[in-house]
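> I'd like to ask you about the structure that follows.
The values are calculated or read from the model by the stated rules, or taken from the named source; none is laboratory data. Keep in mind it's a predicted model, so treat the numbers as computed, not measured. As a convention, Cβ positions derive from the backbone with ideal geometry for all residues, glycine included, and neighbour counts pool all protein chains shown. Only protein heavy atoms, including side chains, enter the accessible area calculation; ligands, DNA and RNA are left aside. Shrake-Rupley method; radii C 1.70, N 1.55, O 1.52, S 1.80 Å.
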Number of protein chains: 2
Amino acid sequence: MTYSIAEAASSSGLSIDTLRYYERIGLVEPPARDPGGRRAYSDDDMAWLGFLTKLRTTGMPIRRMREYAHLRHAGLATAGRRKEILIEHRSDVLERIAELQNCLEVLNYKVANYERCERDLAGQEPYLVHEESA
Amino acid sequence: MTYSIAEAASSSGLSIDTLRYYERIGLVEPPARDPGGRRAYSDDDMAWLGFLTKLRTTGMPIRRMREYAHLRHAGLATAGRRKEILIEHRSDVLERIAELQNCLEVLNYKVANYERCERDLAGQEPYLVHEESA
DNA sequence: AGTTGACCTGGAGTGCACTCCAGCTTCTAA
DNA sequence: TTAGAAGCTGGAGTGCACTCCAGGTCAACT
């Protein structure tokens with residue numbers, strides 16, 4: 001089974017331009033071409049694109065994705081290093097999640113504060129309402 | 001209590017340049033100045049910087065932070081809109097966390113896969129080791 | 001009086017990750 | 001057979017969020 005660039009784009013969530021860009025910078029191997037010279041992505045290509053988008057979504061910089069891509073291309077001998085990269089990235093992601101959750105608490109606090117203000121305001125109309133500072 | 005720009009920077013986690021940049025683009029109100037013309041951040045300024053960094057950490061674009069900042073400056077009447085922004089942002093953050101967690105599963109799967117490969121390799125030496133495709 | 005270090009300003013430069021464009025070819029359907 | 005859609009290439013442009021720089025001021029120590 002092969003896929004046009006449009007199909008590859010819509011299935012991976014990347015834009016057509018981005019796919020060509022990734023190819024230019026060596027993040028994806030140039031896919032096969034059909035008789036008319038158009039890109040024909042294989043199932044393997046699609047799977048790799050799918051994985052790339054996971055790395056991208058989790059904020060891995062292109063530089064690092066490229067390193068991973070090149071290792072992958074180099075074959076089995078690099079599996080150890082690839083695993084390391086993934087493990088390190090995973091811990092980055094965990095940290096990021098923790099960071100977001102921490103910020104979420106502040107957000108919740110703030111929203112609750114606005115709600116409290118509204119209740120106060122509804123309770124005994126105007127008069128003396130402090131803007132919180134933070 | 002007032003704080004120098006260096007103190008404001010190290011306490012907020014922003015760089016000195018970023019603090020001046022935020023001021024230039026109207027994201028923070030120009031702080032007071034000491035007799036020598038240097039910035040003297042107040043406790044309120046510091047609290048606002050702290051909150052800003054939460055918004056930033058959670059990926060709120062500067063454009064939106066600025067909107068929030070301006071509303072805040074406009075006083076109580078804008079509290080409703082500010083609350084809306086925060087609520088919307090909170091749901092963005094929740095989505096983002098979910099997205100990261102989803103990607104995390106893929107990462108875990110991949111790492112487990114590498115580990116399986118290693119065990120196989122250790123088990124009966126060379127012979128027949130498939131590179132997984134995705 | 002001189003040196004050092006923190007700070008000041010306006011403006012230019014950077015890195016990242018795309019995104020768009022002009023001008024061309026190739027396939028598909030009426 | 002011809003119009004329109006989809007794809008191609010190389011290269012330029014964009015948006016975001018900083019980051020750096022030159023050249024100057026100010027306060028504190030020696």
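> Could you list, in sequence order, all residues of the stretch A:10-26 that are open to solvent by less than 50 Å² (accessible area, probe 1.4 Å) and either near DNA strand D (Cβ under 8 Å from one of its atoms) or closer than 14 Å to A:ALA40 by Cβ (or both)?
The answer is A:LEU19, A:GLU23.
> Another question about this same structure. Do we find that B:LEU86 is of a type in the set (A, V, I, L, M) and within 12 Å of DNA strand C (Cβ to nearest atom) in this structure?
no
> Sticking with this one: Taking the options A:HIS89, A:HIS70, name whichever one is more than 16 Å from DNA strand D (Cβ to nearest atom) and either open to solvent by 20 Å² or more (accessible area, probe 1.4 Å) or on the phi > 0 side of the Ramachandran plot (or both).
On inspection, the qualifying residue turns out to be A:HIS70.
> While we're here: Taking A:ARG82, is it part of a helix (DSSP H, G or I), within 12 Å of B:LEU107 (Cα to Cα) and of a type outside the set (Val, Ile, Thr)? Steps first, please.
On the way: part of a helix (DSSP H, G or I): yes; within 12 Å of B:LEU107 (Cα to Cα): yes; of a type outside the set (Val, Ile, Thr): yes.
So A:ARG82 passes the test.
> Can you spot a residue in the stretch B:56-64 that is away from DNA strand C (no atom under 16 Å from the Cβ), among the hydrophobic types (A, V, I, L, M, F, W, C) and open to solvent by 50 Å² or more (accessible area, probe 1.4 Å)?
There is no residue in the stretch B:56-64 that is away from DNA strand C (no atom under 16 Å from the Cβ), among the hydrophobic types (A, V, I, L, M, F, W, C) and open to solvent by 50 Å² or more (accessible area, probe 1.4 Å).
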